[in-house]
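What follows draws every value from the coordinates through simple rules; no lab data is involved. Just so it is clear, the structure is predicted and the values come from calculations on it, not from any experiment. Here the Cβ positions follow ideal geometry from the backbone for every residue, glycine too, while neighbour counts run over all protein chains shown.
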Amino acid sequence: MTASRIVFPPLSYVGWGALGQLVPEVKRLGGTHVLVITDPALEKIGLVEQVTSPLRQAGCSVHVYTDVVPEPPLETGEKAVAFARGGEFDLVIGVGGGSAMDLAKLAAVLAVHEGSVAEYLNLTGTRTLEKKGLPKILIPTTSGTGSEVTNISVLSLDTTKDVVTHDYLLADVAIVDPQLTVSVPPRVTAATGIDALTHAVEAYVSVNASPTSDGLALQAMRLIARSLRKAVEHGADKQARIDMANGSYLAGLAFFNAGVAGVHALAYPLGGQFHIAHGESNAVLLPYVMGYIRQSCTKRMADILNALGGNSSFLSEEEASHRCVEELERLVADVGIPKTLGGFGIPESALESLTKDAVQQKRLLARSPMPLSEDDIRTIYQAAFAGTIVEPNNE
Ligand SMILES: [Fe+2]
């Protein structure tokens, strides 16, 4: 047993009205020329103004950069970094979902480095980050990717993904204000919410799980399970939005410290090859991957059942783990996520190319409690096309 490496961002504000801490924190960090990186849609609906107005009133110059797309390709990262290098900014704020926050982290750190983003990629890069970069504040507007608490920036390559990762990418301040999520439409609430749940579930069964990440993951599951359906059906439900913001934040801390595994590894190619949103990719695969690896972690699956609001007291571990998979299936269906890959328009002819790409996600697959071979991965995708949970011994 080795010691766990536990990393939290230095400071977070989490709760209704947390955005009120923005101006004091920008001042504390010495920000006067601020670069805000955000989604163009958020600027259009006036949400970004809630960030920029108080800053301008406080005397800061603010530039809003909106060249942000979902699942940002490497070139989008290169452009954001070039922009940050070209301006005289002294602080970067990321406002939005995972894409905007990931680009903000990248731009803040690489603004003070030389070389292309490609040279800092985890798998193929040759350079190492040497400086912390500009101070950065991350403000999620979905619940969520957890990007506000991790040290990773994910970039899409041709058909797969790679990351730039270093503790220098950690936010100086994370501001998690559920008020900003009230206008998120049901479909995005559902997808990002199941993404957060997946972070907690995968962290809890990860081979790198620790007592610290377990506590974070279980509480995240409790909050998400009791509030996600409500947040999808009634977006204005304040308590549901507060629970989801806290749940997503805790799930982010859990997976940052214990890692995600098979669900994310198989989800990445759906994004890379078919541009399915990250949350939806995870959501559709969650029951199939967890059903397939169930036998390797029945005790933990029983714990998850309880956290999801079920009761394992009168069940064997085996029975409880089956119930857990059923509960995950039910939750994903209840929030309106299609049950099969075909429901997203993915043809069965993609089976081999999806399998080939997923096998490359070795960093993620290494944390699965059940080692997943190429054949296992192919079988899970087949199950997700057929809409039937499959286990290794009953193929
Ligand atoms: Fe995720």
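Among the listed residues I377, I389, which satisfies the condition of being in a helix (DSSP H, G or I), surrounded by 18 or more Cβ atoms within 10 Å (Cβ to Cβ) and among the β-branched types (V, I, T)? If you could, list the steps in order and put the result at the bottom.
Numbers: I389 fails: in a helix (DSSP H, G or I).
I377 is the lone residue from the list that is in a helix (DSSP H, G or I), surrounded by 18 or more Cβ atoms within 10 Å (Cβ to Cβ) and among the β-branched types (V, I, T).
How about region 146-175: which of its residues are aliphatic (A, V, I, L, M) and in a strand (DSSP E or B)?
Residues satisfying the conditions are I152, V154, L155, V163, V164, V173, A174, I175.
Determine, yes or no, whether S213 is out of contact with any Lys or Arg (no Cβ under 9 Å at 6 or more places or on another chain), away from the ligand (no atom under 11 Å from the Cβ), of a type in the set (S, T, Y) and assigned to a helix (DSSP H, G or I).
Judged against the criteria, S213 is a match.
Take region 135-145 and flag every residue that is assigned to a loop (DSSP other than H, G, I, E, B) and under 18 Å from G96 (Cβ atoms). If you could, list the steps in order and put the result at the bottom.
At the first step, the residues of region 135-145 found to be assigned to a loop (DSSP other than H, G, I, E, B) are 135, 141-145.
Once the filter is applied, which keeps residues that are assigned to a loop (DSSP other than H, G, I, E, B) and under 18 Å from G96 (Cβ atoms), region 135-145 yields T141, T142, S143, G144, T145.
Here are G247, G252, G279, G259: which of them is within 14 Å of the ligand (Cβ to nearest atom) and on the phi > 0 side of the Ramachandran plot?
When all the criteria are applied, what remains is G259.
Would you mention how many residues in region 216-244 are away from the ligand (no atom under 16 Å from the Cβ) and part of a helix (DSSP H, G or I)?
Going through region 216-244, the residues away from the ligand (no atom under 16 Å from the Cβ) turn out to be 218-219, 222-223, 225-227, 229-243.
Within this subset, residues satisfying the condition of being part of a helix (DSSP H, G or I) are 218-219, 222-223, 225-227, 229-233, 238-243.
Of the residues in that region, 18 qualify.
Specify the residue that is farthest from F83 (Cα to Cα); the eligible residues are those in region 100-122 that are of a type in the set (G, A, S), in contact with a helix residue (DSSP H, G or I) (Cβ under 9 Å, 6 or more places away or on another chain) and surrounded by fewer than 21 Cβ atoms within 10 Å (Cβ to Cβ). Full working, then the answer.
Initial filter on region 100-122 (of a type in the set (G, A, S)): 100, 104, 107-108, 111, 115-116, 118.
Imposing the further condition that a residue be in contact with a helix residue (DSSP H, G or I) (Cβ under 9 Å, 6 or more places away or on another chain) reduces the set to 100, 104, 107-108, 111, 116, 118.
Subsequent filtering for residues that are surrounded by fewer than 21 Cβ atoms within 10 Å (Cβ to Cβ) retains 116, 118.
Values: S116: 13, A118: 16 Å.
Ranking the qualifying residues of region 100-122, first place goes to A118.
Among the residues of region 267-276, how many are surrounded by fewer than 24 Cβ atoms within 10 Å (Cβ to Cβ) and either of a type outside the set (A, V, I, L, M, F, W, C) or within 11 Å of the ligand (Cβ to nearest atom) (or both)?
Of the residues in region 267-276, 4 are surrounded by fewer than 24 Cβ atoms within 10 Å (Cβ to Cβ) and either of a type outside the set (A, V, I, L, M, F, W, C) or within 11 Å of the ligand (Cβ to nearest atom) (or both).
Within region 72-81, is even one residue surrounded by 17 or more Cβ atoms within 10 Å (Cβ to Cβ), under 27 Å from L228 (Cα atoms) and touching a Ser or Thr at 6+ places or on another chain (Cβ under 9 Å)?
Scanning region 72-81 turns up at least one residue that is surrounded by 17 or more Cβ atoms within 10 Å (Cβ to Cβ), under 27 Å from L228 (Cα atoms) and touching a Ser or Thr at 6+ places or on another chain (Cβ under 9 Å).
Out of the residues in region 123-146 meeting the condition of being farther than 25 Å from G86 by Cα and in contact (Cβ under 8 Å) with a residue 40 or more places away in the chain, tell me which one is farthest from the ligand (Cβ to nearest atom). Please lay out each step first, then the result.
Just the residues of region 123-146 that are farther than 25 Å from G86 by Cα, to begin with: 123-124, 140-146.
Filter once more, keeping what is in contact (Cβ under 8 Å) with a residue 40 or more places away in the chain: 140-146.
Working: P140: 13, T141: 16, T142: 11, S143: 12, G144: 9, T145: 6, G146: 7 Å.
Per the stated criteria, the residue is T141.
Quick one: in region 147-160, of everything that is closer than 12 Å to E71 by Cα and surrounded by fewer than 22 Cβ atoms within 10 Å (Cβ to Cβ), which residue is nearest to the ligand (Cβ to nearest atom)?
Taking region 147-160 first, the residues closer than 12 Å to E71 by Cα are 153-160.
Of the ones still in play, those that are also surrounded by fewer than 22 Cβ atoms within 10 Å (Cβ to Cβ) are 157-160.
Numbers: L157: 18, D158: 21, T159: 19, T160: 15 Å.
Result: T160.
Does region 163-207 hold any residues that are of a type in the set (G, A, S) and out of contact with any strand residue (DSSP E or B) (no Cβ under 6 Å at 6 or more places or on another chain), and which are they? Spell out the reasoning first.
At the first step, the residues of region 163-207 found to be of a type in the set (G, A, S) are 171, 174, 183, 190-191, 193, 196, 200, 203, 206.
Selection gives S183, A190, A191, G193, A196, A200, A203, S206.
P135: under 30 Å from G247 (Cβ atoms), over 20 Å from the mean Cα position of the chain (by Cα) and surrounded by 17 or more Cβ atoms within 10 Å (Cβ to Cβ), yes or no?
Working: under 30 Å from G247 (Cβ atoms): yes; over 20 Å from the mean Cα position of the chain (by Cα): yes; surrounded by 17 or more Cβ atoms within 10 Å (Cβ to Cβ): yes.
In short, yes.
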